[in-house]
1. Mind listing the long-range amide H neighbours of Gln64? Cut-off is under 5 Å, sequence gap 5 or more, other chains count too, H placed in the peptide plane at 1.01 Å from N.
2. If Lys and Arg each add +1 and Asp and Glu each add -1, what is the summed charge of the other residues whose beta carbon sits under 14 Å from the beta carbon of Ala17?
3. Collect residues whose amide H, placed 1.01 Å from N in the peptide plane, falls under 5 Å from the amide H of Leu206; neighbours closer than 5 in sequence don't count.
4. Once phi is turned into θ = phi - 60°, what whole-Hz ³J(HN,Hα) does the Karplus curve with 6.51, -1.76 and 1.60 give for every residue of the stretch 65-76, x standing for Gly and Pro?
5. What's the local net charge at Gln64, with K and R +1, D and E -1, over the other residues with C-beta under 13 Å away?
6. How much of the calculated P(r) for the stretch 18-61 lies past 12 Å, in percent of all Cα pairs?
7. Rank by packing, highest mean first: peptides 165-174, 35-44, 105-114, with packing defined as the count of other Cβ atoms within 10 Å averaged across residues.
8. Just how far, in whole angstrom, is the stretch 166-191 from the stretch 46-99 if you go by their alpha carbon centroids?
Amino acid sequence: MSKFVSMNDALAAYVLAHRSPDDAVLEELREETASRLPDKSVMQIAADQGTFLSLLVAAIGARQAIEVGTFTGYSAICIARGLGEGGRLLCCDISEEWTAVARRYWAKAGLQDRIELRLGPAADTLRALPREPSFDFAFIDADKPGYLAYYEEVLPRLRTGGLVAVDNVLWSGDIVNADKADDDTRSLRAFNDHVAADRRVQSVILPLADGLTLARKL
């Protein structure tokens, strides 16, 4: 029998209230993103996802991480803060406008020396990297039709035991809505099926925010 708790507004608020609180930098970044980019701010990860990413990165002792899709830099701060001493995070994005906000907040958080940003199509950036296992952790949160390509480029560059985290895999519940057949939804279904069948990894989908896949390279 399936065992799960259905979320509602009250329970979601309870969950958010019972986690380690964000500091002033993350709170300010979330507020600026919402005011500056009201139509796009939904692209920012949820606050509890940020806490989870920091915990996860620290728990596996990650020192080298990569992020595909940076937006205004919230998730990058969370990941970079979890890295071990001397850790580095490589961020891939195409928007100079959005990442300009990210750069300011990375500096406010004292992380500018820990994060490298590369602007351009992420698939090109990934393909240009050495094809060897040099990363401990990867986070994918970008254009949905590109997910499969990003995953396939990241996985060979991930060490054995390293983790890939992928956001939005439940797509507001539309992933199981047969009436939804747009490109994003179909791409996410194909991606989810691919990872579930991938014997190179052990994977699970967590119902955290909009759905988060975790895959550990075997």
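1. Arg88, Asp136, Phe137
2. Here the charged neighbours net out to -2.
3. HN-HN under 5 Å from Leu206: Leu212, Thr213, Leu214.
4. With coefficients 6.51, -1.76 and 1.60, one gets 9, 9, 10, 10, x, 10, 6, 9, x, 5, 5, 4 Hz.
5. It works out to a net charge of 0.
6. I get 65 percent for the Cα pairs in the stretch 18-61 exceeding 12 Å.
7. Ranked by mean Cβ neighbours within 10 Å, highest first: 165-174, 105-114, 35-44.
8. 24
The values are calculated or read from the model by the stated rules, or taken from the named source; none is laboratory data. Keep in mind that this is a model prediction, so the values were computed, not measured. Methodologically, a virtual Cβ is constructed for each residue, glycine included, from the backbone with ideal geometry; neighbour enumeration extends over all protein chains shown. Please note that ligands, DNA and RNA were not included when accessible areas were found on the heavy atoms of the full protein model with its side chains. Shrake-Rupley method; radii C 1.70, N 1.55, O 1.52, S 1.80 Å.
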